[in-house]
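Here is the structure we will look at, set down as C-alpha cells.
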There are 2 protein chains.
Amino acid sequence: MIRLSRLSDYGIVLMSHLAGFGDGEPHNAREIAAEASLPQPVVSKLLKALARQGLLESHRGTKGGYSLARRPEEINAAEMITALEGPIGLTECTVHPGECAQEASCHVREPWRRINDVVRAALAEVSLADLAQPPRTPTHPDTLPLAGNVG
Amino acid sequence: MIRLSRLSDYGIVLMSHLAGFGDGEPHNAREIAAEASLPQPVVSKLLKALARQGLLESHRGTKGGYSLARRPEEINAAEMITALEGPIGLTECTVHPGECAQEASCHVREPWRRINDVVRAALAEVSLADLAQPPRTPTHPDTLPLAGNVG
DNA sequence: AAATATCGGACTGTGCCAGTCCGAATTCGA
DNA sequence: TCGAATTCGGACTGGCACAGTCCGATATTT
C-alpha cells in the first residue's frame, strides 16, 4: 500500500524525539522508549539500526545512549527511510535491476523510474527539523517545500 | 519499503497493455496474459479487481473480456494504485485514523500528512497514457509534470 | 570490580502477499 | 435451444517478510 513498515514509522518518531531534546547529549534506549511510549526492545533495535547507518552516534557504558550524528536540519526523511528499510523504490526493478524477467520489453519501467525520483525528491526535501517541530511553527517556514503543493 | 506490491505492479502493466491496444474492444484475460507474459490466473484476478473498482468494464460471454472504462488520458496512476491496494498513505494513521494509541501526542503526524499529499499529487499527475507510451514520446510532452523535477 | 549501556545476532509467531482453483452466472454463436 | 467461452465471486494454501523478544559479549563510567 505504498506504506512504510510500522517499525520504520517508529524509527522516525524516535529520531524526532531525539531532535526534540535539543541537547547533543546521548539518551539511552529506556528513556527514549518512555518518551515515545514504545516497548523498549523495539526502540533498542531501531536505534541500533539507525546508528549502524550513520544517522545516530552510539555511546556505550553507564552514561551511554544515542545522539544525533548531525544537526536535525541536515538529516532528511529520505535518508531516514533508506536507513530503516533500504533503498526507496516503488517497483522491484528500480531497486534490483535485472531480476524481473521482462525488463527488456517493459514499457512501463521508465515512467516508474521518473515517478520514483519525484517521490524520493519530495522525501529528501523534508528535514528532521521540520518533522520535529510542532505543526504550525516549522523551522524554515519560507523554504518548507511542501507548503505550496498542498491544498 | 515504500514499495507497491508485485501484484499492483502487474496490474498497472496490464492497464498499460490495454491502453496500448488502442481500440475500445474488450480483450480477454488469456490474451492479455500472453501479451504481458504473466500467468493467466494472476491476470484474471487483477482484471477482476480493476473492473470491480470501475477502472475497467467487463464483458461476459464468448467474446467477452475487459476494456478501459475511460480514455487513457483520463486515468491516472494514483487511481490505479488506490484501486489495486487501497488508499495511498505512507503511515497507518493517514489511512486509519484512531487506531494508533499515541495519535494525540504524536508530533510527526501532521508533517507526514503533508508528505502523503505530495506523493499522492505526484502520482495523480501521471496518466495511463503517459505510462503506456514509449519513454521518449509522451502524449503531452509539454505538460508532463515530472520532467522539470528530475535531474 | 560492579553497574549500566550498547552491540550483534538468533529466534519465533503472526499476518499479509502471491498464486491457484472451482462452481455459478452470463453471453455469444450455431 | 444448446453448448462453448468467458467473467464473477469466493475460498484456499504456501511462503515470506515483518514485528517483537531475548541473550551473551563488549565497552564505559563510577
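Calculate, for A:Glu25 and B:Gln102, the FRET efficiency according to 1/(1 + (r/R0)^6) with r their C-beta to C-beta distance and R0 25 Å; round to the nearest 0.05.
0.55
Can you check what the net charge comes to around A:Asp23, using other residues whose Cβ is under 15 Å from the Cβ of A:Asp23 (Lys, Arg +1; Asp, Glu -1)?
Spelling it out: positives minus negatives among the neighbours equals -1.
Quick one: Cα convex hull volume of region B:6-131, Å³ per residue?
Measuring per residue, one finds 108 Å³ for the Cα hull of region B:6-131.
For B:Arg52 and A:Arg52, what is the calculated FRET efficiency with R₀ set at 51 Å and r taken between the beta-carbons, to the nearest 0.05?
0.70
Pick from A:Thr82, A:Thr91, A:Thr62 the residue whose mean-square fluctuation is largest in a GNM of chain A, springs joining Cα atoms under 10 Å.
Answer for the Gaussian network model of chain A: A:Thr62.
Under a 10 Å cutoff between Cα atoms, tell me which one of B:Gly11, B:Gly61, B:Gly22 has the largest fluctuation in the Gaussian network model of chain B.
For chain B, modelled as a Gaussian network with Cα springs under 10 Å, the answer is B:Gly61.
What accessible area per residue comes out for region A:6-131, rounded to a whole number of Å², with a 1.4 Å probe?
For region A:6-131, the solvent-accessible area averages 48 Å² per residue.
List the pair-distance distribution P(r) of the protein assembly as shown, using every Cα-Cα distance, as the percent of pairs falling in each 10 Å bin from 0 up to the bin containing the longest distance, rounded to whole percents.
6, 26, 29, 20, 13, 5, 1, 0
Using amide H atoms built 1.01 Å from N in the peptide plane, name the residues 5+ places from A:Glu57, or on other chains, whose amide H lies under 5 Å from its own.
Amide H neighbours of A:Glu57: A:Ser67, A:Leu68, A:Ala69.
Give the calculated FRET efficiency between A:Ser67 and B:Lys63 to the nearest 0.05, with a Förster radius of 51 Å applied to their Cβ-Cβ distance.
In this case the efficiency is close to 0.15.
Would you list which lysines come within 22 Å of B:Lys63, measuring only between C-alpha atoms, while excluding same-chain residues fewer than 8 positions from it?
B:Lys45, B:Lys48
Remind me, relative contact order of region B:6-131 in percent, using alpha carbon pairs under 8 angstrom and six or more residues apart?
After rounding, I find 27 percent.
Which distances, shortest first and in nm, link A:Gly22 to the matching position in the other copies, using label points set 7 Å out along Cα to C-beta?
Reported distances to equivalent positions: 6.7 nm.
Nearest 100 Å² is fine: how much accessible area is buried between A and B, summed over both sides, with a 1.4 Å probe?
Buried area (both sides, nearest 100 Å²): 4200 Å².
Label position 7 Å from Cα toward Cβ: report the copy-to-copy distances for A:Ala104 in nm, one decimal, ordered from shortest.
6.1
Chain A: longest stretch without exposed trypsin sites (Lys or Arg not before Pro) (DSSP loop, at most 14 other Cβ within 10 Å), sites themselves excluded?
After excluding every exposed loop site, the longest remaining stretch is A:71-135.
Per-residue accessible area for B:Val108 at 1.4 Å probe radius, Å² rounded to 10?
B:Val108 exposes around 0 Å² with every protein chain in place.
Within region B:1-29, name every residue whose backbone N is under 16 Å away from a label modeled 7 Å from Cα of A:Val95 along the Cβ vector.
B:1-10
The values are calculated or read from the model by the stated rules, or taken from the named source; none is laboratory data. Just so you know, these numbers come straight off a predicted model, no measurement behind them. Every residue, glycine among them, receives a Cβ derived from its backbone with ideal geometry; neighbour counts consider all protein chains shown. Ligands, DNA and RNA are stripped out before the accessible areas are found, and what is left, the full protein with its side chains, is counted by its heavy atoms. Shrake-Rupley method; radii C 1.70, N 1.55, O 1.52, S 1.80 Å.
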